[in-house]
Amino acid sequence: MNPSPLLILLMLSTLLFFIGMYGFLTRRNMIAMLMSLELMLNSVNINFIAFNKYLWPGNIEGLGYTIFIIAIAAAEAAVAIAIIINLFRNTRSIDAEDASQLKN
Amino acid sequence: MMDANLIALLALSAFILISGILTVTTRRLFRAAIWLLFTLIGIAGLYFWMEVEFAAAVQIIVYVGGIVVLIIFSIFLTNQEGIHMPEALGRRKLFGLLAVLAGAGLTCMQIIARTWNNGDGSAYNPSVNKIGHLLVGNTPDSYVLPFELVSILLLAAMIGCIVIAMKSRPDEQ
């Protein structure tokens, strides 16, 4: 019996989410952590569109939510990179362990 | 016997997962950015496979054309293009792997154990016309308010980025 496409897509997005989570837990470089975050956001988008297409094909709300998520992810990445560049200017490092000025 | 459609889906999934794993495991930051680029292009291909062409176009424009370029710019601006990132601590790797395997196993078990119904039989037709009516239509169930809020959010983020990344003048320090 062939597996249904929905099952494959859900497994794919689960695995991609946890790959991103592994990167977020092990990386200490802030830009690498941001990349892992993008992987996690993308896996959620796959989930939204797969559910929309295979379970409720009469509506397109899942696609609408995906577009909102992409817009917010773009804003989030831009703000994160501005913070990283400012941090690099102050500490000459983008390692998460070196950003400890607030810890005293 | 599997049909060609399913084989294409499996090949796309394998491509996405392999480049995703390389994104989080390669020790060169610039190569990680390039692997992220391949992952995002693979996901755009997945949207094409699902025949959601609008999402695929948005994915390519915003992620591949915008966010990856922004990440590569920031790698260059922080002089990290040639660095080898140090190997993660063994302890951190072990516990990260444990958490990830436990979470992925639990979620996959839930997905397999559930029976998914096959929708209401109607065709999925995400035309741009329908997307427009969903986002800025004049019916009570359209998403006009979130749409406008997102535009304010983008404006605020843009101004915030400029303020954060702006060099302060020497006489202010």
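The values are calculated or read from the model by the stated rules, or taken from the named source; none is laboratory data. Predicted model only: the values in this text are computed from it and were never measured. When we count neighbours, we look across all protein chains shown, and the Cβ atoms used for this are built from the backbone with ideal geometry, even at glycine.
One line per residue, one yes/no per condition, for (1) of a type in the set (A, V, I, L, M); (2) within 22 Å of B:ILE21 (Cα to Cα); (3) buried (at least 21 other Cβ atoms within 10 Å of the Cβ); (4) out of contact with any Pro (no Cβ under 7 Å at 6 or more places or on another chain):
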| residue | (1), (2), (3), (4) |
| --- | --- |
| A:TYR22 | no, yes, yes, yes |
| A:LEU37 | yes, yes, no, yes |
| A:LEU63 | yes, no, yes, no |
| A:PHE68 | no, no, no, no |
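Give B:LEU40, B:LEU22, B:LEU29, B:LEU6 a once-over and let me know the one that is farther than 25 Å from B:ILE72 by Cα and out of contact with any Ser or Thr (no Cβ under 7 Å at 6 or more places or on another chain).
Unique residue meeting the criteria: B:LEU6.
Within the stretch B:64-77, can one find any residue that is at the interface with chain A (Cβ under 10 Å from one of its Cβ atoms), within 28 Å of A:PRO3 (Cα to Cα) and among the aromatic types (Phe, Trp, Tyr)?
Scanning the stretch B:64-77 turns up no residue that is at the interface with chain A (Cβ under 10 Å from one of its Cβ atoms), within 28 Å of A:PRO3 (Cα to Cα) and among the aromatic types (Phe, Trp, Tyr).
Please determine whether any residue of the stretch B:109-124 is facing chain A (nearest Cβ under 7 Å), outside any loop (DSSP other than H, G, I, E, B) and not hydroxyl-bearing (Ser, Thr, Tyr).
Scanning the stretch B:109-124 turns up at least one residue that is facing chain A (nearest Cβ under 7 Å), outside any loop (DSSP other than H, G, I, E, B) and not hydroxyl-bearing (Ser, Thr, Tyr).
Filter the stretch B:80-93 down to the residues that are loosely packed, with under 12 Cβ neighbours inside 10 Å and within 10 Å of another protein chain (Cβ to nearest Cβ), then identify the one that is farthest from A:PRO5 (Cα to Cα).
B:PRO86
Among the residues of the stretch B:98-127, which ones are without any contact (Cβ under 8 Å) to a residue 60 or more places away in the chain, within 29 Å of A:GLY20 (Cβ to Cβ) and either of a type in the set (Asp, Glu) or in contact with a Phe, Trp or Tyr (Cβ under 7 Å, 6 or more places away or on another chain) (or both)?
Hits for the stretch B:98-127 are B:VAL100, B:GLY103, B:ALA104, B:GLY119.
Test B:GLY119 against the criterion of being among the small types (Gly, Ala, Ser), at pLDDT below 85, surrounded by 11 or more Cβ atoms within 10 Å (Cβ to Cβ) and under 29 Å from A:LEU15 (Cβ atoms), and give yes or no.
yes
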